[in-house]
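Report on the following structure.
The values are calculated or read from the model by the stated rules, or taken from the named source; none is laboratory data. Every value quoted in this text rests on a predicted model; they were computed, and no experiment measured them. In this analysis, Cβ positions are derived from the backbone assuming ideal geometry, glycine residues included, and neighbour counts consider all displayed protein chains. SASA here: full protein model, heavy atoms, side chains in, ligands and nucleic acids out. Shrake-Rupley method; radii C 1.70, N 1.55, O 1.52, S 1.80 Å.
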Amino acid sequence: MSTPIDLGRPVSGDVIDLILEDHRLFERLLRDLRDSTADRDAVRRAFAALHVAHAEAEEKHVYPKLKRKDAIDADEAEHGVEEHAEGNQALLAVLELKGTDSQKFEDAVEELAEKVNHHITEEELTILNPAREEISEQVRTELGTLFADERNAQIDADCGRIENVRRLVQEAEHEGLLDDDEDDEG
Ligand SMILES: [Fe+2]
Ligand SMILES: [Fe+2]
C-alpha cells in the first residue's frame, strides 16, 4: 500500500457504486483532516492519492464513455474536469504547508472541503444520475473494471505525491482549466 491509510482496492463492480464508495471515503478523510487529534499528515497523503487516482480514472474512462453514450454532454464532462483541477489546486495548498496544526492549514482544509464537497454533490446529481438512468448494467460493470484498474494503478504509482499534484495543477493552468474563478485577478 502506498499510503499509510487503507484506500481499498476494488477490482470490479458497477462503476456507480465504486465512485460512490470513493466519495464516501473522501468525506471520511475530510472529517479526519478537520480533527486536530488525527494524524493529519497521514490523512492528507491518503486524501491526495485518492483524489488524484479517482479523478484520473473518471476522466480517462467514465466521462468519455458517458459522453459517447449521450448520457452527459461535452459541457458536463468539461465542467467535471475543471472541478477536478480546482480540487487538485486546493489539495496542493494543503500539501505545501509544513505543519498541520496551524490556522493556515485549517483554512486550506476548509477550502479543499468546499471544492470537493461541491464537486461530489454536483457529480452525483448531474453525472451519476444520468448514468444510472441511461447506461446499461453491462456497460456500467465494464466501466467499473476499467475505473478500478486505473484507480489502483494510479495509487500504486504514488499519484498523490506532491510533485505529481504540482504537475497536474501546472498542466491544468496551461490548459486554462483554472481560469474561471479568477476573473478579477486576471
Ligand atoms: Fe467522483
Ligand atoms: Fe469527479
Unit charges on C-beta of K, R, D, E only; dipole of the chain, Debye: 1060 debye
Carbon/sulfur fraction of accessible area - the chain, other protein chains in place, 1.4 Å, %: 44 percent
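Accessible area per residue, 1.4 Å probe, Å², for the range 67-180: what's the number?
53 Å²
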Cα-based Lys pair tally, the range 1-122, threshold under 29 Å, eight or more apart or on separate chains: 7
Inter-site label distance for Leu146 and His118 at 7 Å from Cα along Cβ, in nm: 2.9 nm
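Helix-only mean residue ellipticity at 222 nm, the chain, DSSP H runs n ≥ 4 weighted -39,500 (n - 2.57), per residue, nearest 500. What is it? It would help to have the intermediate numbers written out before the result.
Values: 8 runs with 127 residues, N = 186.
The per-residue figure over the chain is -22500 deg cm²/dmol.
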